[in-house]
1. Looking at A:Leu37, A:Leu69, A:Leu54, can you tell me which residue is surrounded by fewer than 17 Cβ atoms within 10 Å (Cβ to Cβ), touching a residue at least 24 places away in the same chain (Cβ under 8 Å) and not polar (S, T, N, Q)?
2. Across the range A:1-16, which residue is farthest from A:Pro70 (Cα to Cα) among those that are without any contact (Cβ under 8 Å) to a residue 24 or more places away in the chain and either open to solvent by less than 30 Å² (accessible area, probe 1.4 Å) or assigned to a helix (DSSP H, G or I) (or both)?
3. Going by the structure shown, is B:Ala92 under 15 Å from B:Leu49 (Cα atoms) and modelled with pLDDT under 95?
4. Determine, yes or no, whether A:Lys59 is in a loop (DSSP other than H, G, I, E, B), over 30 Å from A:Leu10 (Cα atoms) and open to solvent by 20 Å² or more (accessible area, probe 1.4 Å).
5. Among the residues of the range B:119-150, what is the count of those that are open to solvent by 50 Å² or more (accessible area, probe 1.4 Å), β-branched (Val, Ile, Thr) and modelled with pLDDT of 95 or more?
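The values are calculated or read from the model by the stated rules, or taken from the named source; none is laboratory data. If you're wondering where the values come from, they're calculated on a predicted model, not measured in any experiment. Reconstructed Cβ throughout: ideal geometry from the backbone, glycine too, with neighbour counts over all protein chains shown. Heavy atoms of the whole protein, side chains included, go into the accessibility calculation; ligands, DNA and RNA do not. Shrake-Rupley method; radii C 1.70, N 1.55, O 1.52, S 1.80 Å.
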Amino acid sequence: MAVPAFFEALQTSPLGLEISGSIWLFPTIETIHVFALAVVVGSIAIVDLRLLGLAFKDKAVTAVSREYLPWTWGAFGLAVVSGLLLFVSRAADYLAIAPFLIKFVFMGLAGLNMVVFHLLTWRSVETWDQGAPASGAKIAGLLSLVFWAIVIVLGRKVGFSL
Amino acid sequence: MSGFLDWVGTTSLSQTLQNQFWMVPTIQAVHIMAITAVFTSALVLDMRLLGVMHKGQALQRLNTRFMPWIGWGVLVLLVTGVLLMIAEPTRAILNPYFQIKMAALVVVGAITWSLAKAVARSPDAWAEPERNPVAKPLAVASLILWAIIVTAGRWIAYGP
(Lines give C-alpha, C1' and ligand atoms only; values in the text may rest on other atoms or scores of the structure.)
Protein backbone atom coordinates (compact mmCIF):
# COMPACT_ATOMS: atom_id res chain seq x y z
CA MET A 1 0.00 0.00 0.00
CA ALA A 2 1.29 3.46 -0.88
CA VAL A 3 2.02 5.59 2.16
CA PRO A 4 1.64 9.37 1.73
CA ALA A 5 4.88 11.33 1.61
CA PHE A 6 3.87 13.24 4.73
CA PHE A 7 4.52 10.14 6.85
CA GLU A 8 7.90 9.56 5.22
CA ALA A 9 8.72 13.15 6.18
CA LEU A 10 7.48 12.54 9.73
CA GLN A 11 9.71 9.50 10.06
CA THR A 12 12.77 11.45 8.86
CA SER A 13 11.92 14.59 10.88
CA PRO A 14 14.37 15.58 13.67
CA LEU A 15 11.99 14.12 16.31
CA GLY A 16 11.50 10.88 14.35
CA LEU A 17 15.23 10.42 13.82
CA GLU A 18 15.96 11.31 17.45
CA ILE A 19 13.66 8.54 18.70
CA SER A 20 14.69 5.88 16.18
CA GLY A 21 18.39 6.76 16.47
CA SER A 22 18.60 6.65 20.26
CA ILE A 23 19.36 3.39 22.05
CA TRP A 24 17.19 4.27 25.07
CA LEU A 25 14.39 6.57 23.85
CA PHE A 26 12.27 4.01 21.99
CA PRO A 27 12.37 1.39 24.79
CA THR A 28 11.62 4.08 27.40
CA ILE A 29 8.59 5.41 25.51
CA GLU A 30 7.48 1.81 24.91
CA THR A 31 7.69 1.15 28.66
CA ILE A 32 5.52 4.21 29.38
CA HIS A 33 3.08 2.92 26.75
CA VAL A 34 2.90 -0.44 28.59
CA PHE A 35 2.09 1.26 31.93
CA ALA A 36 -0.53 3.41 30.24
CA LEU A 37 -2.24 0.56 28.38
CA ALA A 38 -2.24 -1.61 31.51
CA VAL A 39 -4.18 1.07 33.43
CA VAL A 40 -6.45 1.93 30.46
CA VAL A 41 -7.50 -1.68 29.85
CA GLY A 42 -7.42 -2.65 33.54
CA SER A 43 -9.70 0.20 34.65
CA ILE A 44 -12.04 -0.29 31.66
CA ALA A 45 -12.22 -4.03 32.45
CA ILE A 46 -13.28 -3.28 36.05
CA VAL A 47 -16.14 -1.06 34.80
CA ASP A 48 -17.03 -3.68 32.12
CA LEU A 49 -17.22 -6.43 34.75
CA ARG A 50 -19.53 -4.22 36.80
CA LEU A 51 -21.69 -3.62 33.70
CA LEU A 52 -21.85 -7.39 33.24
CA GLY A 53 -22.91 -7.78 36.88
CA LEU A 54 -19.81 -9.90 37.62
CA ALA A 55 -17.89 -7.61 40.01
CA PHE A 56 -18.56 -4.81 42.54
CA LYS A 57 -22.24 -5.86 42.65
CA ASP A 58 -22.63 -4.12 46.04
CA LYS A 59 -21.57 -0.78 44.51
CA ALA A 60 -23.63 1.36 42.14
CA VAL A 61 -22.53 1.40 38.49
CA THR A 62 -22.25 5.20 38.69
CA ALA A 63 -20.01 4.93 41.80
CA VAL A 64 -17.67 2.42 40.09
CA SER A 65 -17.52 4.62 36.98
CA ARG A 66 -16.70 7.72 39.05
CA GLU A 67 -13.91 5.85 40.86
CA TYR A 68 -12.24 4.37 37.77
CA LEU A 69 -12.95 6.49 34.69
CA PRO A 70 -10.62 9.37 35.71
CA TRP A 71 -7.80 6.77 35.75
CA THR A 72 -8.93 5.46 32.35
CA TRP A 73 -8.83 8.91 30.75
CA GLY A 74 -5.57 9.97 32.42
CA ALA A 75 -3.86 6.77 31.30
CA PHE A 76 -5.46 7.03 27.84
CA GLY A 77 -3.90 10.48 27.42
CA LEU A 78 -0.52 9.03 28.34
CA ALA A 79 -1.04 6.11 25.91
CA VAL A 80 -1.90 8.53 23.08
CA VAL A 81 1.15 10.75 23.69
CA SER A 82 3.56 7.80 24.05
CA GLY A 83 1.91 6.03 21.11
CA LEU A 84 2.27 9.09 18.89
CA LEU A 85 5.96 9.38 19.78
CA LEU A 86 6.51 5.69 18.91
CA PHE A 87 4.57 6.24 15.68
CA VAL A 88 6.63 9.28 14.62
CA SER A 89 9.83 7.22 14.73
CA ARG A 90 8.55 4.77 12.06
CA ALA A 91 5.39 6.48 10.75
CA ALA A 92 5.52 5.25 7.15
CA ASP A 93 6.58 1.73 8.22
CA TYR A 94 3.71 1.36 10.69
CA LEU A 95 1.10 2.52 8.18
CA ALA A 96 2.21 -0.21 5.78
CA ILE A 97 1.47 -3.13 8.15
CA ALA A 98 -1.94 -4.69 8.66
CA PRO A 99 -1.92 -5.31 12.47
CA PHE A 100 -1.27 -1.61 13.10
CA LEU A 101 -4.17 -0.51 10.89
CA ILE A 102 -6.58 -3.18 12.20
CA LYS A 103 -5.66 -2.22 15.78
CA PHE A 104 -7.13 1.22 15.19
CA VAL A 105 -10.24 -0.26 13.58
CA PHE A 106 -10.86 -2.11 16.86
CA MET A 107 -10.05 0.96 18.97
CA GLY A 108 -12.63 2.76 16.84
CA LEU A 109 -15.14 -0.02 17.51
CA ALA A 110 -14.41 0.23 21.26
CA GLY A 111 -15.02 3.98 21.08
CA LEU A 112 -18.21 3.55 19.05
CA ASN A 113 -19.46 0.97 21.56
CA MET A 114 -18.82 3.50 24.35
CA VAL A 115 -20.64 6.30 22.50
CA VAL A 116 -23.68 4.12 21.70
CA PHE A 117 -23.77 2.92 25.32
CA HIS A 118 -23.73 6.50 26.62
CA LEU A 119 -26.34 7.79 24.16
CA LEU A 120 -28.78 4.91 24.63
CA THR A 121 -28.33 2.66 27.66
CA TRP A 122 -26.80 5.22 30.06
CA ARG A 123 -29.88 7.45 29.86
CA SER A 124 -31.83 4.96 32.00
CA VAL A 125 -28.94 4.29 34.41
CA GLU A 126 -31.03 5.20 37.51
CA THR A 127 -33.23 2.18 36.90
CA TRP A 128 -30.32 -0.33 36.84
CA ASP A 129 -27.62 1.56 38.82
CA GLN A 130 -27.94 -0.86 41.76
CA GLY A 131 -28.01 -4.64 41.39
CA ALA A 132 -28.62 -6.39 38.08
CA PRO A 133 -27.60 -4.35 35.01
CA ALA A 134 -29.76 -3.72 31.91
CA SER A 135 -29.14 -6.03 28.98
CA GLY A 136 -27.77 -3.07 26.99
CA ALA A 137 -25.16 -2.56 29.71
CA LYS A 138 -24.20 -6.24 29.61
CA ILE A 139 -23.78 -6.17 25.84
CA ALA A 140 -21.65 -2.98 26.03
CA GLY A 141 -19.47 -4.47 28.80
CA LEU A 142 -18.89 -7.70 26.88
CA LEU A 143 -18.13 -5.94 23.58
CA SER A 144 -15.71 -3.61 25.35
CA LEU A 145 -13.78 -6.53 26.90
CA VAL A 146 -13.57 -8.30 23.51
CA PHE A 147 -12.51 -5.18 21.57
CA TRP A 148 -9.80 -4.20 24.04
CA ALA A 149 -8.42 -7.76 24.19
CA ILE A 150 -8.14 -7.70 20.37
CA VAL A 151 -6.42 -4.28 20.57
CA ILE A 152 -3.79 -5.77 22.92
CA VAL A 153 -3.20 -8.80 20.67
CA LEU A 154 -2.82 -6.60 17.57
CA GLY A 155 -0.66 -4.08 19.42
CA ARG A 156 1.77 -6.82 20.37
CA LYS A 157 1.64 -8.19 16.82
CA VAL A 158 2.81 -4.78 15.54
CA GLY A 159 6.21 -5.33 17.14
CA PHE A 160 6.65 -8.54 15.12
CA SER A 161 5.49 -7.13 11.80
CA LEU A 162 8.07 -4.43 11.08
CA MET B 1 24.39 -23.29 31.66
CA SER B 2 24.63 -22.40 27.98
CA GLY B 3 24.79 -26.12 27.12
CA PHE B 4 21.53 -26.65 28.96
CA LEU B 5 19.92 -23.63 27.27
CA ASP B 6 21.01 -24.91 23.85
CA TRP B 7 19.42 -28.26 24.69
CA VAL B 8 16.14 -26.56 25.70
CA GLY B 9 16.14 -24.90 22.28
CA THR B 10 16.26 -28.32 20.58
CA THR B 11 13.27 -29.78 22.46
CA SER B 12 10.11 -30.33 20.44
CA LEU B 13 8.14 -27.82 22.56
CA SER B 14 10.71 -25.12 21.86
CA GLN B 15 10.77 -26.05 18.15
CA THR B 16 6.97 -25.87 17.93
CA LEU B 17 6.91 -22.44 19.62
CA GLN B 18 9.61 -21.18 17.24
CA ASN B 19 8.12 -22.60 14.05
CA GLN B 20 4.52 -21.45 14.53
CA PHE B 21 5.00 -17.77 13.76
CA TRP B 22 1.86 -16.68 15.66
CA MET B 23 2.63 -18.46 18.93
CA VAL B 24 5.21 -16.14 20.51
CA PRO B 25 3.26 -12.91 19.84
CA THR B 26 0.06 -14.55 21.09
CA ILE B 27 1.70 -15.77 24.30
CA GLN B 28 3.16 -12.27 24.76
CA ALA B 29 -0.31 -10.77 24.30
CA VAL B 30 -1.68 -13.08 27.03
CA HIS B 31 1.31 -12.05 29.18
CA ILE B 32 0.34 -8.36 28.67
CA MET B 33 -3.31 -9.02 29.55
CA ALA B 34 -2.14 -10.65 32.79
CA ILE B 35 0.14 -7.64 33.47
CA THR B 36 -2.94 -5.45 32.98
CA ALA B 37 -4.91 -7.43 35.60
CA VAL B 38 -2.04 -7.66 38.10
CA PHE B 39 -0.75 -4.09 37.74
CA THR B 40 -4.19 -2.47 37.91
CA SER B 41 -5.18 -4.60 40.94
CA ALA B 42 -1.95 -3.74 42.76
CA LEU B 43 -2.40 -0.07 41.82
CA VAL B 44 -5.94 0.01 43.26
CA LEU B 45 -4.85 -1.63 46.54
CA ASP B 46 -1.83 0.68 46.86
CA MET B 47 -4.03 3.72 46.12
CA ARG B 48 -6.36 2.55 48.90
CA LEU B 49 -3.37 2.31 51.27
CA LEU B 50 -2.43 5.85 50.27
CA GLY B 51 -6.00 7.05 50.82
CA VAL B 52 -6.45 8.07 47.17
CA MET B 53 -9.02 5.51 45.93
CA HIS B 54 -12.03 3.82 47.55
CA LYS B 55 -11.86 6.12 50.57
CA GLY B 56 -13.93 4.77 53.44
CA GLN B 57 -13.87 1.20 52.14
CA ALA B 58 -12.29 -1.37 54.48
CA LEU B 59 -9.02 -2.77 53.10
CA GLN B 60 -10.06 -6.36 53.77
CA ARG B 61 -13.02 -6.02 51.38
CA LEU B 62 -10.81 -4.68 48.60
CA ASN B 63 -8.25 -7.41 49.28
CA THR B 64 -10.96 -10.07 48.88
CA ARG B 65 -11.88 -8.48 45.57
CA PHE B 66 -8.45 -7.86 44.06
CA MET B 67 -6.01 -10.36 45.62
CA PRO B 68 -7.33 -13.31 43.54
CA TRP B 69 -6.63 -11.28 40.37
CA ILE B 70 -3.07 -10.68 41.56
CA GLY B 71 -2.55 -14.34 42.53
CA TRP B 72 -4.05 -15.92 39.40
CA GLY B 73 -2.58 -13.17 37.22
CA VAL B 74 0.93 -13.87 38.49
CA LEU B 75 0.36 -17.58 37.81
CA VAL B 76 -0.58 -16.77 34.18
CA LEU B 77 2.51 -14.53 33.98
CA LEU B 78 4.74 -17.35 35.23
CA VAL B 79 3.28 -19.94 32.81
CA THR B 80 3.42 -17.63 29.76
CA GLY B 81 6.84 -16.36 30.88
CA VAL B 82 8.24 -19.92 31.08
CA LEU B 83 6.79 -20.71 27.62
CA LEU B 84 8.47 -17.59 26.20
CA MET B 85 11.78 -18.67 27.77
CA ILE B 86 11.44 -22.16 26.27
CA ALA B 87 10.79 -20.55 22.87
CA GLU B 88 13.95 -18.44 23.17
CA PRO B 89 16.11 -20.04 25.88
CA THR B 90 19.09 -17.69 25.58
CA ARG B 91 17.01 -14.49 25.65
CA ALA B 92 16.12 -14.08 29.31
CA ILE B 93 17.93 -16.21 31.95
CA LEU B 94 21.34 -14.59 31.53
CA ASN B 95 19.87 -11.14 30.85
CA PRO B 96 20.45 -8.65 33.71
CA TYR B 97 17.01 -7.06 33.19
CA PHE B 98 15.38 -10.47 33.66
CA GLN B 99 17.37 -11.03 36.86
CA ILE B 100 16.37 -7.61 38.26
CA LYS B 101 12.75 -8.33 37.32
CA MET B 102 12.74 -11.67 39.17
CA ALA B 103 14.42 -10.18 42.26
CA ALA B 104 11.80 -7.40 42.39
CA LEU B 105 9.01 -9.96 41.89
CA VAL B 106 10.20 -11.99 44.89
CA VAL B 107 10.32 -8.87 47.11
CA VAL B 108 6.94 -7.49 46.02
CA GLY B 109 5.45 -10.98 46.35
CA ALA B 110 6.70 -11.22 49.95
CA ILE B 111 5.35 -7.73 50.79
CA THR B 112 1.95 -8.38 49.17
CA TRP B 113 1.59 -11.81 50.77
CA SER B 114 2.51 -10.72 54.30
CA LEU B 115 0.32 -7.61 54.11
CA ALA B 116 -2.66 -9.69 52.92
CA LYS B 117 -2.08 -12.12 55.83
CA ALA B 118 -1.81 -9.28 58.37
CA VAL B 119 -5.01 -7.65 57.08
CA ALA B 120 -6.90 -10.98 57.13
CA ARG B 121 -5.74 -11.60 60.73
CA SER B 122 -6.88 -8.24 62.07
CA PRO B 123 -9.20 -6.59 59.50
CA ASP B 124 -10.39 -3.95 61.98
CA ALA B 125 -6.88 -2.58 62.48
CA TRP B 126 -6.70 -2.09 58.68
CA ALA B 127 -10.25 -0.84 58.12
CA GLU B 128 -8.84 2.66 57.67
CA PRO B 129 -5.38 1.79 56.33
CA GLU B 130 -4.31 5.40 55.79
CA ARG B 131 -4.17 5.72 59.60
CA ASN B 132 -1.66 2.87 59.83
CA PRO B 133 1.91 4.27 59.85
CA VAL B 134 3.34 1.42 57.72
CA ALA B 135 0.59 1.63 55.06
CA LYS B 136 2.06 4.46 53.00
CA PRO B 137 5.67 3.21 52.94
CA LEU B 138 4.43 -0.26 51.94
CA ALA B 139 2.23 1.17 49.16
CA VAL B 140 5.10 3.27 47.77
CA ALA B 141 7.49 0.29 47.93
CA SER B 142 4.93 -1.91 46.15
CA LEU B 143 4.36 0.65 43.38
CA ILE B 144 8.12 1.12 42.84
CA LEU B 145 8.69 -2.65 42.71
CA TRP B 146 5.85 -3.25 40.21
CA ALA B 147 7.20 -0.38 38.12
CA ILE B 148 10.66 -2.01 38.15
CA ILE B 149 9.11 -5.36 37.12
CA VAL B 150 7.21 -3.88 34.14
CA THR B 151 10.15 -1.70 33.07
CA ALA B 152 12.76 -4.46 33.35
CA GLY B 153 10.37 -6.82 31.57
CA ARG B 154 10.11 -4.52 28.56
CA TRP B 155 13.87 -3.94 28.55
CA ILE B 156 14.70 -7.68 28.36
CA ALA B 157 14.19 -7.27 24.60
CA TYR B 158 16.98 -4.66 24.54
CA GLY B 159 19.36 -6.33 27.02
CA PRO B 160 22.80 -7.76 26.26
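1. Numbers: A:Leu37 fails: surrounded by fewer than 17 Cβ atoms within 10 Å (Cβ to Cβ); A:Leu54 fails: touching a residue at least 24 places away in the same chain (Cβ under 8 Å).
Going through A:Leu37, A:Leu69, A:Leu54 in turn, just one is surrounded by fewer than 17 Cβ atoms within 10 Å (Cβ to Cβ), touching a residue at least 24 places away in the same chain (Cβ under 8 Å) and not polar (S, T, N, Q): A:Leu69.
2. Residue satisfying both the conditions and the ranking: A:Ala5.
3. On the way: under 15 Å from B:Leu49 (Cα atoms): no; modelled with pLDDT under 95: yes.
Judged against the criteria, B:Ala92 is not a match.
4. In short, yes.
5. Within the range B:119-150, residues that are open to solvent by 50 Å² or more (accessible area, probe 1.4 Å), β-branched (Val, Ile, Thr) and modelled with pLDDT of 95 or more number 3.
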